Every structure is written in C-alpha cells, then in structure tokens.
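Trainee: Sharing a structure with you now.
The values are calculated or read from the model by the stated rules, or taken from the named source; none is laboratory data. Here the structure is a predicted model, which means the values were calculated and not measured. We place every Cβ from the backbone using ideal geometry, glycine too, and count neighbours over all the protein chains shown.
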Amino acid sequence: MNNTIIKLFRSKINTAIFLLCVLLFIGVVGFKFMSNLSWIDAIYMTVITVTTVGFGEVQPLDDESKIFTVFLILTSVVIVGFAIKVITEYILSKNDVEEIKQKKMQKRIDSLKSHIIICGYGRNGKQAATKLLAYKKAFVVIEKNKEIIDKFQSELVPFVQGNANEDEILFQAGIERADCLISALPNDADNLFVVLSARQINKNMNIISRASQDTSYQKLKLAGANNVILPDRIGGDHMASLVVVPGLIEFIDNLSIVGKANINIEEIPVEKLYNTDKIKTIKDLDLRKKTGCNVIGYKDVNGEYIVNPEANQELIPNSKVIVLGRPEQIQKLNSVYNIG
C-alpha cells in the first residue's frame, strides 16, 4: 500500500512537470510571435510572468499581448500552485510512510522476548543473521548506517537505527528482554563499550563479541563477554586445517548451514525430548529409530560437553543433547518433538 501511494504521487508530480513545461513553451512561443520579441526576450518575459516577480517589460505590450499575458499569469498561478501542492504532499507523505514503517517495526520489536540482538550488520553480522534465520531464532539488528538499513530491512530482518554504544538504542532493541547479544562491530573499543553497557543492563544474558586484536580478548572477557571470537584467527586455523586434515574440514564445512533446508546439527533441551517418566537415558529416547538422527553430544547443567555419550547417559533437566542428521531427518525431529 505504501508503494502504491508513492507511485500515485510520482504520477502527479510527472503531470505537474509536464504542465509547467507546456506552460513555458506556450509562453515563449506566444511572446515570440505575438510581440515580435527575440527568443531570449521571449524566454525572459515568460519566466517573469509565470513567476510573477514583477520585473519590467522588455517593450510595451499591445492589447493582444496584454490579454495573452493575463491568460499566462492566471494559468501559471493554477499550474504552479498545483505543482507546489503535489510536491509538498509527496514530501510529507514520504515522511509519514517512513514514520509509520518505523513505528510498525518498533512495535514488532517491543513484542519480542528471549530474542537475540546483533550489533552491527557488516560481514560478521550478516553471517550471524543468516544462521539465526535458518534456525528460526528471533533477532534484532542495531545498525547506524541508514543506507544499509534501507537496503536490507525486511519483515525477516528488523533494524533499530542508531549507535549500539548508547543505552537508549539498546533499550529500543529490547535488551532487558533479550537472551543473547552479539557485538559484531568492526572496532574493538566499540565492542568493549557495548559489552560493558549490555552486561550492566542485563546481568543474565549471554554476550558474544567479535575482536580484531588478540590483546582485546581478555579485556572483553573482563567486561562481561561470555565468548570472544577472533575471526582472523579462526580463518587462519581453518586454512591450516585444510592442509593438515582436509577431508575432516570439508566434512565439517558440509555441516554448516546456508539455509533452513540445510541444517544438519541441532542442540535441543532434554525437556523437549521426553514427557514421560519412562525416558531416563539417551537409549530410552530412541531418536535413531524415530527420526534417523544420532546423538553425538551431551551438555550437562554445568555447561560441560560429553562427545559421543554412552547410551545409558542419564538425561537431567536443564541439560541438552546435540544431534546429527541429514536435513530431512532434522526436520522430522523438529516435527515429531514440536521444536521451533
């Protein structure tokens, strides 16, 4: 509907411009041939008549030229008034549409709970958003560059425009209700400030920060970041691993997702997997038979991971299991246990 309104106003603007051009053409031709003026004088007379600036005439006008001038003045008042009205309405309506859009987006953000906040929509921020979309996780992006917001904003990627260093902007993104914050700003000092502010506002949220320098790692941890990622180090390690164990790395890369249809790994709270007293262990779940997925890891309540856990591993509340499967098997798992 917003696009329809804008197209309608653009059509009116085109009409107004056309009428102005026709008016100027008639004025120039009329003064040229009715008053025997040069082309320059005819243009001059047309412009001062249409704009009603009140400058003197090039030469005295005869009766026919005076009648033509009166007609030109009256016509120009109507057409110029119409053009000004249309352009003013277009500017105001464009601002109104933008304001309505922002209010609608903010209302949607205000309704979110247990969501993720991404600070910065550069290369790392976009990758984080892609993965969160694949896992159907609710998130909000804080970005100060208006051009980036206009380019990427959609129903799937909500934005808050502003500097993530400011508490007011963090509150607009719903930081007090968020479960996690990803600070992916290019500057380590900015990331440090964001982590400090976020930790002060929300003591319980999980905070993940990007860092460019090794020296920033410990500072970000002390500021309150649960995890600090160094993209350059990870990239270097990855390239070296492709030399040392290329087959293994290619297999792991195949587990990475590029869309919701390609998810191979899920981390699932055990409470979602059992609802009766009969299920006590991984063996009792029998995920392989029900969904085709395999349990490859177990995360206990203390955050400790067990790789390839035994079948008799006891399932304790607030713990999680990590399962591996083909995309269609993961989808079946999500469907069977209503995971979303």
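Trainee: Of the numbered conditions (1) under 16 Å from the mean Cα position of the chain (by Cα); (2) modelled with pLDDT of 90 or more, ASN206 fails exactly one; give the number of that condition.
Mentor: Here ASN206 clears every test but (1).
Trainee: Among the residues of region 127-167, what is the count of those that are of a type in the set (Ser, Thr, Tyr) and within 21 Å of ILE339 (Cβ to Cβ)?
Mentor: 2
Trainee: Also, quick follow-up: Taking the condition modelled with pLDDT of 75 or more and either loosely packed, with under 12 Cβ neighbours inside 10 Å or of a type in the set (Gly, Ala, Ser) (or both), does LYS137 pass?
Mentor: No.
Trainee: Shifting gears a bit: Scan region 150-174 and report the pairs whose first residue is at positive phi and whose second residue is assigned to a helix (DSSP H, G or I) and surrounded by fewer than 18 Cβ atoms within 10 Å (Cβ to Cβ), with Cβ atoms within less than 8 Å and a gap of 6+ or a chain change.
Mentor: Matching pairs, first to second residue: GLY162/GLU168; GLY162/GLN172; GLY174/ASP110.
Yes or no, residue by residue, for (1) in contact with a Lys or Arg (Cβ under 9 Å, 6 or more places away or on another chain); (2) part of a strand (DSSP E or B):
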{"position": "ILE208", "(1), (2)": "no, yes"}
{"position": "TYR217", "(1), (2)": "no, no"}
{"position": "LYS221", "(1), (2)": "no, no"}
{"position": "VAL228", "(1), (2)": "yes, yes"}
{"position": "ASP232", "(1), (2)": "no, no"}
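Trainee: Please state which one of ASN318, ASN308, ASN312 is of a type outside the set (A, V, I, L, M, F, W, C) and closer than 19 Å to ILE252 by Cα.
Mentor: ASN308
Trainee: Give the number of residues within region 25-41 that are surrounded by 17 or more Cβ atoms within 10 Å (Cβ to Cβ) and closer than 23 Å to ALA83 by Cα.
Mentor: Selection size over region 25-41: 3.
Trainee: To continue, here is another question. Of the numbered conditions (1) surrounded by fewer than 18 Cβ atoms within 10 Å (Cβ to Cβ); (2) in a helix (DSSP H, G or I), SER154 satisfies every one except a single condition; which is it?
Mentor: The single condition SER154 does not satisfy is (2).
Trainee: How about region 46-61: which of its residues are modelled with pLDDT under 75 and on the phi < 0 side of the Ramachandran plot?
Mentor: Within region 46-61, VAL53, PHE55, GLY56, GLU57, VAL58, GLN59, PRO60, LEU61 meet the criteria.
Trainee: Filter region 245-272 for residues that are surrounded by fewer than 12 Cβ atoms within 10 Å (Cβ to Cβ) and modelled with pLDDT of 80 or more; which is nearest to ASP286 (Cα to Cα)?
Mentor: Top of the filtered list is GLU267.
Trainee: Just to verify a result, which residue in region 273-302, among those that are of a type in the set (Ser, Thr, Tyr) and surrounded by 13 or more Cβ atoms within 10 Å (Cβ to Cβ), is modelled with the highest pLDDT?
Mentor: TYR298
Trainee: Any residue at all in region 81-101 that's modelled with pLDDT of 80 or more, more than 30 Å from ILE142 (Cβ to Cβ) and either assigned by TED's automatic domain parsing to the domain that holds PHE171 or surrounded by 13 or more Cβ atoms within 10 Å (Cβ to Cβ) (or both)?
Mentor: Checked against the condition, which is being modelled with pLDDT of 80 or more, more than 30 Å from ILE142 (Cβ to Cβ) and either assigned by TED's automatic domain parsing to the domain that holds PHE171 or surrounded by 13 or more Cβ atoms within 10 Å (Cβ to Cβ) (or both), region 81-101 yields at least one hit.
Trainee: Out of the residues in region 157-184 that are in a helix (DSSP H, G or I) and of a type in the set (A, V, I, L, M), which is surrounded by the most Cβ atoms within 10 Å (Cβ to Cβ)?
Mentor: Among residues in region 157-184 that are in a helix (DSSP H, G or I) and of a type in the set (A, V, I, L, M), the one surrounded by the most Cβ atoms within 10 Å (Cβ to Cβ) is LEU170.
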